[in-house]
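First the structure, in the form of structure tokens, and then the observations on it.
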């Protein structure tokens, strides 16, 4: 679902969501946008390898940074809501495929308004 969210963003904005050139720079891009995982964001994150005390800590309040870069969604709250549900850091909190297809974004789909 994460990948579908990235593709959804890229199709509607004609640019990459994350621009990392290496695995670590890509992780940094993700964490700068959504915050470095901690137990309040992602239960069990303390057990993730390499996410030790020396790893940079970015704090983010909700999805404000995602909303900031979603210029094509400024008048489409349902689109940003769907994208936010797709891009939850903790995999168990991401919307399922069935849930995504039932999302209000697809109820009255007018793709021409997202161009």
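Quick one: is residue 27 surrounded by 15 or more Cβ atoms within 10 Å (Cβ to Cβ), outside any loop (DSSP other than H, G, I, E, B) and without any contact (Cβ under 8 Å) to a residue 12 or more places away in the chain? The answer is yes for residue 27.
Which of the following residues is within 11 Å of the chain's Cα centre (by Cα), surrounded by fewer than 14 Cβ atoms within 10 Å (Cβ to Cβ) and either assigned to a loop (DSSP other than H, G, I, E, B) or modelled with pLDDT of 85 or more (or both): 62, 52?
Selected residue: 62, the only one of 62, 52 that is within 11 Å of the chain's Cα centre (by Cα), surrounded by fewer than 14 Cβ atoms within 10 Å (Cβ to Cβ) and either assigned to a loop (DSSP other than H, G, I, E, B) or modelled with pLDDT of 85 or more (or both).
In the set 98, 32, only one residue is in contact (Cβ under 8 Å) with a residue 24 or more places away in the chain, part of a helix (DSSP H, G or I) and surrounded by fewer than 15 Cβ atoms within 10 Å (Cβ to Cβ); that residue is 32.
Inside the range 75-95, can you point out the residues that are outside any helix (DSSP H, G or I) and either closer than 15 Å to residue 8 by Cα or modelled with pLDDT of 90 or more (or both)?
Here is the first cut: in the range 75-95, the ones outside any helix (DSSP H, G or I) are 75-76, 87-90, 94-95.
The answer is 76, 87, 88, 94, 95.
Scanning the range 57-80 for residues that are in contact with a helix residue (DSSP H, G or I) (Cβ under 7 Å, 6 or more places away or on another chain) and over 17 Å from residue 5 (Cα atoms) turns up 58, 60.
Selection of the range 3-48 for residues being touching a helix residue (DSSP H, G or I) at 6+ places or on another chain (Cβ under 7 Å) and closer than 21 Å to residue 61 by Cβ yields 5, 9, 17, 18, 33, 37, 38, 39.
Scanning the range 2-24 for residues that are on the phi < 0 side of the Ramachandran plot and not in a helix (DSSP H, G or I) yields 15, 16, 17, 18, 19, 20, 21, 22.
Go through the range 1-24 and give me each residue that's under 20 Å from residue 97 (Cα atoms) and either surrounded by 15 or more Cβ atoms within 10 Å (Cβ to Cβ) or in contact (Cβ under 8 Å) with a residue 24 or more places away in the chain (or both). Explain how you work it out, then say what you get.
In the first step, residues of the range 1-24 are kept if they are under 20 Å from residue 97 (Cα atoms); the result is 1-12.
Across the range 1-24, the qualifying residues are 1, 2, 4, 5, 6, 8, 9, 12.
The values are calculated or read from the model by the stated rules, or taken from the named source; none is laboratory data. None of these values were measured; they are calculated from a predicted model. In this analysis, Cβ positions are derived from the backbone assuming ideal geometry, glycine residues included, and neighbour counts consider all displayed protein chains.
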